[in-house]
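Computed from the coordinates by the stated procedures, all read-outs in this text should not be read as laboratory data. Quantities reported herein were computed from a predicted structural model and do not represent experimental measurements. Quick reminder, even Gly has a Cβ in these numbers, built from the backbone with ideal geometry, and neighbours come from all protein chains shown.
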Amino acid sequence: MNKREFLKTSCAVVSGGFLSRLGVAGSEQQEKARTNWAGNYTYSTNNLHLPKSVADVQKVVKSCDKLKALGARHSFNGIADSTANQISLKQLDQMTLDKKARTVTVEAGVTYGRLSPYLDENGYAVHNLASLPHVTVAGACATGTHGSGIKNGNLSTAVSGLEMVTADGELVTLSREKDGERFKGAVVGLGALGVVTKVTLDVQPTFMVSQVVYENLPLGQLEKHLDEIFSSGYSVSLFTDWQNHMATQVWIKRRIEPGAAIHWEPEFFGATQATQKLHPLAGHSAENCTEQMGTPGPWYERLPHFKMNFTPSSGAELQSEYFVPRERGYEAILAVERLRESITPHLFISELRTIAADDLWMSEAYKRPSLAIHFTWKPEWPDVKKVLPMIEEQLAPFEARPHWAKLFTMAPGPLESKYEKLVEYRALVKEYDPRGKFRNAFLSTNVYG
Ligand SMILES: Cc1cc2nc3c(=O)[nH]c(=O)nc-3n(C[C@H](O)[C@H](O)[C@H](O)COP(=O)(O)OP(=O)(O)OC[C@H]3O[C@@H](n4cnc5c(N)ncnc54)[C@H](O)[C@@H]3O)c2cc1C
């Protein structure tokens, strides 16, 4: 074979493979390493399928032996990884509001950032949002993503229906109304049951929110007033660097009920109202944050901490989070605080939030009103990796459940013992994916460990 023939043949092989994937549904096979949003995790495949329709999703699923759905890439661990194929539904981005049923159905490519203004324009809202709107509804609900609020369940508690393509390429629908326990097992699905194509969410009439930040709340106030402090707004977050027994900032988001005046106290449990807009991370511009200082605004421009078209949080960072029973929240805070000299050097900031209990099998707040202790770390994995087992040891007496989408080092055994519905969940996964098409290394370790 001469050089010209060799080049022609090898191009045909390369483009043949590439085009055949394009023929299925459209795909990218990228040369350079693909990472998650934070850049701390490199995906193990460059095969990314980009279907344009549900029929395309079905074709991709049928044609792949191994496959994992990818959302907006905001998870910090390998939960969305695959060594063979990933599928992103970012081109499926339709939204349908059903005013009569008070629900909205979104395709899996829709982010909260796109959904929220659409709902608001039509007079509706979802009950809560995470700290950022950049994540997809499907990806966030698959991992039990949450905001704050003593009465607010995590975002997946708003899910009333799901449509997904299961391992054999079939389209399956599940609903809260008709499918009972099966539905509760599928909602926080960890991407294991199938590729979700549509999610239906409960909506409520749109509402306005006012946000105020207080500075320097002595953590000791939580000993007797934890519930009162976290009930002082619709959504409340405390930030701490674990130094000086202090929450450096308290973010309170209050719903403005029509006709009712809203009052902000100048002092709050020893903290004082901030006189300028703040970012939770010292040295970062508050421009990236949602409006504060009590200025009223629509729910979706106040419930997240970060604005849609700006970098949320730090950007170059790692995150971990542990859910403990709220009733033992202060005790758990004291346990973590004991490690302050090991934690603070590697920390940007910690955040404390509350989540109402739910009945979704794999939710971190399953049957437990929770306090979530979150860590935004500097991108220093070798050091953070040493601190996490120390935190997990301190939190062991509280049966802490790590956030599925963030970094943890807990061994599979202790992790499994935290989920009483794990056996039923595995059985449900087996029904929809008998040969483990959607099972990846993360699930093998942490769910099948
Ligand atoms: C700056 C920042 C701030 C954050 N703030 C919060 C916060 O306030 N609260 C909180 O709880 N979390 C928070 N997170 C974590 C984040 O919400 C979760 O990682 C969430 O799962 C990310 O959604 P995603 O769309 O990026 O999905 P990915 O990270 O891409 O995927 C997450 C999981 O969903 C599955 N998945 C995605 N799409 C589908 C689909 N169509 N079908 C089936 N499975 C699917 C994936 O397989 C994977 O298992 C934050 C993350 C970042 C980077």
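General remarks:
- Candidate lysines - alpha carbon under 26 Å from K253, same-chain residues fewer than 8 apart omitted: K151, K224, K277, K307, K367, K406
- Looking at segment 240-278, the trypsin sites (Lys or Arg not before Pro) that sit in a DSSP loop and have at most 16 other Cβ atoms within 10 Å of their own Cβ are K277.
- Subtracting the Cα-Cα distance of R102 and K151 from 0.36 nm times their residue separation leaves 15.6 nm of extension gain.
- Along segment 153-165 the Karplus relation, 6.51 cos²θ - 1.76 cosθ + 1.60 evaluated at θ = phi - 60°, assigns HN-Hα couplings of x, 5, 4, 6, 5, 7, 6, 10, x, 9, 10, 9, 9 Hz to successive residues, with x for each Gly and Pro.
- Distance between the modelled labels on T206 and D120, one decimal in nanometres: 0.8 nm (7 Å Cα→Cβ projection).
- Principal axis box of the chain, alpha-carbon based, largest edge first, Å: 81, 52, 45
- Computed from backbone phi, the HN-Hα couplings of segment 308-314 come to 4, 8, 10, 5, x, 6, 9 Hz, rounded to whole numbers (Karplus: 6.51 cos²θ - 1.76 cosθ + 1.60, θ = phi - 60°; Gly and Pro given as x).
- Charge dipole (segment 203-344, unit charges on Cβ, about Cα centre) - positive-most of Q273, G315, L222: G315
- In sequence order, calculated HN-Hα J values of segment 135-140 (Karplus, 6.51, -1.76, 1.60; Hz; x Gly/Pro): 7, 7, 4, 5, x, 5
- Alpha-carbon Rg/Rh ratio, for segment 135-222, with Rh computed the Kirkwood way: 1.12
- Extension reserve of the E177-T275 stretch, reckoned as 0.36 nm per residue once the Cα distance is removed: 30.5 nm
- Cβ-derived FRET efficiency at R0 22 Å, N46 paired with K430, nearest 0.05: 0.15
- Volume per residue of the convex hull around the Cα atoms, evaluated for segment 235-282, comes out as 102 Å³.
- Residues of type lysines that K62 reaches as a straight line, Cα spacing below 20 Å, ignoring anything fewer than 8 places off in the same chain: K52, K90, K198, K430, K437
- Gain on full stretching of the segment that runs from L339 to Q91 - 0.36 nm per residue minus C-alpha separation: 84.8 nm
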